[in-house]
1. Given the options Leu433, Leu414, Leu408, name the one that is open to solvent by 50 Å² or more (accessible area, probe 1.4 Å) and closer than 29 Å to His303 by Cβ.
2. Please enumerate the residues belonging to the range 335-348 that are at pLDDT 85 or above and either within 60 Å of the chain's Cα centre (by Cα) or in a helix (DSSP H, G or I) (or both).
3. Which count do you get for residues in the range 492-508 that are part of a strand (DSSP E or B) and under 16 Å from Cys420 (Cα atoms)?
4. For the range 138-157, which positions are touching a Ser or Thr at 6+ places or on another chain (Cβ under 7 Å), part of a strand (DSSP E or B) and either over 18 Å from Arg79 (Cβ atoms) or open to solvent by 10 Å² or more (accessible area, probe 1.4 Å) (or both)?
5. Kindly list, by first and then second residue, each pair from a residue in the range 310-327 that is closer than 11 Å to Glu393 by Cα and modelled with pLDDT under 90 to a residue that is open to solvent by less than 80 Å² (accessible area, probe 1.4 Å) and hydrophobic (A, V, I, L, M, F, W, C), limited to pairs with Cβ atoms under 7 Å and residues at least 6 apart or on different chains.
6. Please give the number of the condition Arg290 fails out of (1) touching a strand residue (DSSP E or B) at 6+ places or on another chain (Cβ under 6 Å); (2) open to solvent by less than 70 Å² (accessible area, probe 1.4 Å); (3) charged (D, E, K, R).
7. Tell me, please, whether a residue that is over 28 Å from the mean Cα position of the chain (by Cα) and in a strand (DSSP E or B) can be found in the range 211-228.
8. Suppose we keep only residues that are in contact (Cβ under 8 Å) with a residue 60 or more places away in the chain and basic (Lys, Arg) within the range 32-60. Which one would you say is surrounded by the most Cβ atoms within 10 Å (Cβ to Cβ)?
Amino acid sequence: MPMDGFTLSFLTRELRGALLGGRVDKVNQPERDALVLLIRSGVNHRLLLSANANQARVQLTAQTYENPAEPPMFCMLMRKHLLGARIVELRQVAGDRILAISFDCLDELGDHVQKTLYLEIMGRHSNLTLVSEDGTIIDAIRHVNSEMSRVRTVLPGGLYHLPPQPDKLTPETLCASALKQRLAQLSCPLSKGLMETVAGMASVCSKEVCAQIGVEPGAPVSQLDLDVVSQRLDAFYHSVSASPVTLFDLAGQAVDFFPFPYRTFDQGSQKPMPTVSQAMDAFYLGRDLRMRMQQKSAGLQRHVKSALERTEKKKAIMLDTLAQSEKTEQNRIYGDLLTANLHQIGKGAESVTVQNYYDPACPDVTIPLSTRLSPAQNAQSYYKKYRKARVAEQYAREQMASIERDLLLLENALDDLDKCETTADLAEIRYVLTENGFLRPDASQKRGGKPKKLQEGKPYRFTAPDGTLIEVGKNSLQNDRLTLHARGNETWLHAQGIPGSHVIIRTESEPSDETLLYAAKLATYYSKGRNHPQQAVDYTLRKYVKKGAGAPAGLVTYTHFKTLIIGLTPQDAARILRESCQ
């Protein structure tokens, strides 16, 4: 669920207990809209502050993030101001989706000054802003000028103003009498009335509060006993304590998180978590990284799809050229027949009927003629068409092998992009596409500069039920490295006849049936056949897998194989997804 002010209030208390007095040890900016602070407070805590439009949030996280080779300017500025600073206050602003973290810092003269980092969790208007003691904006992760907003600008050097605050009850002003007074002025359903009355109350949360106090969310406010309702709301709001849970679907996939068990959802699907942050980690585990990687690879994905469409059109043209081979031979026959019967053809004739001696039955055939050409020139015209078509046919046959190779490479690249998790994975796909002419080389190579060393990505690693290690390639280069460096008696698997990952069972002894089945499910999941009801998976020993000379990355041939028919259940997919993120 989007983080509302109600959930943030529980998280603020949790962060206050864990981080107050802690010192900032490291500052990283893994993404343009996210900051990670390593806080040393007895133990090390990794504090994630995200201003992402789709999943803005704050939490303590165990998830690691890949940092760029060159830290962004905002990150360098945050390091300058926050490294070594001590957290002296964490507070939620007016019960809304704004968290203020105050730091005790040292300025250039060594004097103690206070600086505040404001995280505004407001969808596409989310922002992260560092403000000095006098209210001056030091910098923001997202600059907002007057052209972008007439209401409020956020620029370095300007004064920081909080976003416009709606006229709602805050935790400090919320009481039974105030609730009754506000609700008495409304005629809408109670759940909507709570959203309009209490700060930071989202739709899911307001319905849950109604369930907690025993009132139907859709009940009109005007028909309720407001004295009783207001007292129940006041008592619940001030007595509810954090007992965070993560909501899972039937397949075991995390679909939401709550600060306490929600009665409006199936109780058996809610798993208790030690902290709100850990509940969030269970929900966001891998999801955040995959979404960001999809954004990074979106341009490359469009380029690959465009190249795939062009190649498929080229293939259709070549197939059409090959389909004309019968007509090509007919042009040669017409030329021969005209040459043999020139004496029978009158000048200016539109056609001529002659005996076709190429057919055993020797039937008559009518040959169309051009009135602008002589009989001999008509014959030469048919020969010319024949020669031209033969050259085109030969060219088409030569091109088909290259086209099929390109189609396979592009389909593999498209499948590989779905498995990207790091910039190293993405760089490997770019490298393969560049080496095969689908992308332009790096600018430094054009100028004769030294090409950058390719950073090798790491394959997926899974553990079979009996403890055997199984490795899965994420792209064509990793497939090559994984397969060609495997030992001869290790078991190799691949989805039959479609793009997919190479899978290696890391044992030279014969794998157990459970291990082999699990590896086959991995080969199915990491292929284009993951959504098919059934998918054939071939397996053989690594020594029977060969790579041809000049074959593109990831393309191999194999023999002595056996085949398994695999069907993935939602539970299988959820398990693989969870283990891939660990």
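1. So the residue among Leu433, Leu414, Leu408 that is open to solvent by 50 Å² or more (accessible area, probe 1.4 Å) and closer than 29 Å to His303 by Cβ is Leu408.
2. Once the filter is applied, which keeps residues that are at pLDDT 85 or above and either within 60 Å of the chain's Cα centre (by Cα) or in a helix (DSSP H, G or I) (or both), the range 335-348 yields Gly335, Asp336, Leu337, Leu338, Thr339, Ala340, Leu342.
3. As a first pass, look at the range 492-508 and keep what is part of a strand (DSSP E or B): 492-495, 500, 503-505.
Then keep just the ones that are under 16 Å from Cys420 (Cα atoms); that gives 500.
Matching residues across the range 492-508 total 1.
4. The answer is Ile138, Val144, Val154.
5. Matching pairs, first to second residue: Met318/Ala396; Met318/Met400; Met318/Ile403; Thr321/Ala392; Thr321/Ala396; Leu322/Ala396; Gln324/Ala389.
6. Single failed check for Arg290: (1).
7. So far as the range 211-228 goes, yes, one or more of its residues are over 28 Å from the mean Cα position of the chain (by Cα) and in a strand (DSSP E or B).
8. Step by step, filter the range 32-60, then rank; the result is Arg57.
The values are calculated or read from the model by the stated rules, or taken from the named source; none is laboratory data. Being a predicted model, the structure only gives us computed values, none of them experimental. Using ideal geometry, Cβ is built from the backbone for each residue, glycine included, and neighbour counts are taken over all protein chains shown. Side chains included, ligands, DNA and RNA excluded: accessible areas come from the protein's heavy atoms. Shrake-Rupley method; radii C 1.70, N 1.55, O 1.52, S 1.80 Å.
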